[in-house]
Amino acid sequence: MLKMLCQSGLMALTLLSATVTQAQTSAHVKSLSVQGTTATFSLVQDKTHTLPACVNPDTRQLWSLDITSIQGRALYSLLMTAVSKSQLVSVQSANNCDVLAGIEQVAGLTTEFDHSAPQVVSDGGLVLYQGNGITKLGKVSDITGNTVSYINHSGWISYFYRHVRGDELMFTDERCATEPYGNRNAFFTTGERTTFSLVAERYLVQKQVNGNVVQLNKQAGPFYSYGFKNGVLECTNMNKQNWEIPGDIYLLETVEHPLCGNRVCVIK
């Protein structure tokens, strides 16, 4: 088998589940995105097989992966290798949309070296460091939005979620000086807004009181957040500005980030 592959000029790496169905013709990866616990991607060549009935027409060219499962992580790692080495990818369908509604789920992947394309071998590239900028965490393999994928010391694909802006915080006092509220665990930073110094770079998580999280009662108002007013960033009454108050807002507290330490991770 190996001899036949070598004679044809292709070396295939395959990872399949026990329930492989239809396969897509080999093509390069066109797009790749990671949101929370799922990854979606598309290939340069459109799908030609019969799609599952659950597929939404608007997302018919996408494939989905659950990157929390052992098989999903292995498939994603294989996919990232294909992207980094410009390999061709063939996808086997699970014939369902169980990972993401409307998006076809992957059952298996096959990658092939594309000998028609120039191969670039390099040890360079971006590296993810702890907040001290010294301790290496791994080589960056992909950056999509706020999600950074990197190869950790064990050789597995891991993820770091970058900071969001401090103006996404909410406060219950007019000086924005009380404990902040927010709807997710994240690094908050002033970014380019150097006039905003109250919320310095820090990692905030949902605070627990007596073992329970504290949710904001949106009916109690008013609530305040940082925003621009006449070109100046200041603490502003959200109710008077008719800003939308999002749902599921929780009390936050500052802790040390388990990956980065006391400062946001560095990519360089």
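The values are calculated or read from the model by the stated rules, or taken from the named source; none is laboratory data. What you are looking at is a predicted structure, and each value in this text was computed from that prediction instead of being measured. Counting neighbours? That spans all protein chains shown, and the Cβs are built from the backbone with ideal geometry, glycine included. Side chains are part of the model used for accessible areas, which takes the heavy atoms of the whole protein and leaves out ligands, DNA and RNA. Shrake-Rupley method; radii C 1.70, N 1.55, O 1.52, S 1.80 Å.
Within the stretch 182-200, the presence of at least one residue that is open to solvent by 30 Å² or more (accessible area, probe 1.4 Å), modelled with pLDDT under 80 and acidic (Asp, Glu) is confirmed. Across the stretch 96-106, not a single residue is classified as over 16 Å from the mean Cα position of the chain (by Cα) and at pLDDT below 90.
Residues in the stretch 67-90 include none that are assigned to a strand (DSSP E or B), in contact with a Gly (Cβ under 9 Å, 6 or more places away or on another chain) and either within 18 Å of Val34 (Cα to Cα) or modelled with pLDDT of 90 or more (or both).
Just to check your reading of the model, which residue among Ser31, Ser69 is under 17 Å from Ile157 (Cα atoms), surrounded by fewer than 18 Cβ atoms within 10 Å (Cβ to Cβ) and without any contact (Cβ under 8 Å) to a residue 40 or more places away in the chain? Talk me through it step by step, then tell me what you get.
On the way: Ser31 fails: under 17 Å from Ile157 (Cα atoms).
Just a single option satisfies the conditions, and that option is Ser69.
Okay, residues lined up against (1) assigned to a loop (DSSP other than H, G, I, E, B); (2) modelled with pLDDT of 80 or more; (3) touching an Asp or Glu at 6+ places or on another chain (Cβ under 6 Å):
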site: Leu13; (1), (2), (3): no, no, no
site: Thr19; (1), (2), (3): yes, no, no
site: Thr25; (1), (2), (3): yes, no, no
site: Ser33; (1), (2), (3): no, yes, no
site: Ala39; (1), (2), (3): no, yes, no
site: Ser42; (1), (2), (3): no, yes, no
site: Thr48; (1), (2), (3): yes, yes, no
site: Leu51; (1), (2), (3): yes, yes, no
site: Val55; (1), (2), (3): yes, yes, yes
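Taking the criterion of being in a loop (DSSP other than H, G, I, E, B), open to solvent by 90 Å² or more (accessible area, probe 1.4 Å) and modelled with pLDDT of 85 or more, the only residue of the stretch 201-228 that qualifies is Asn210. Reported count of residues in the stretch 229-268, each being at pLDDT below 80, of a type in the set (Lys, Arg) and not in a strand (DSSP E or B), is 2.
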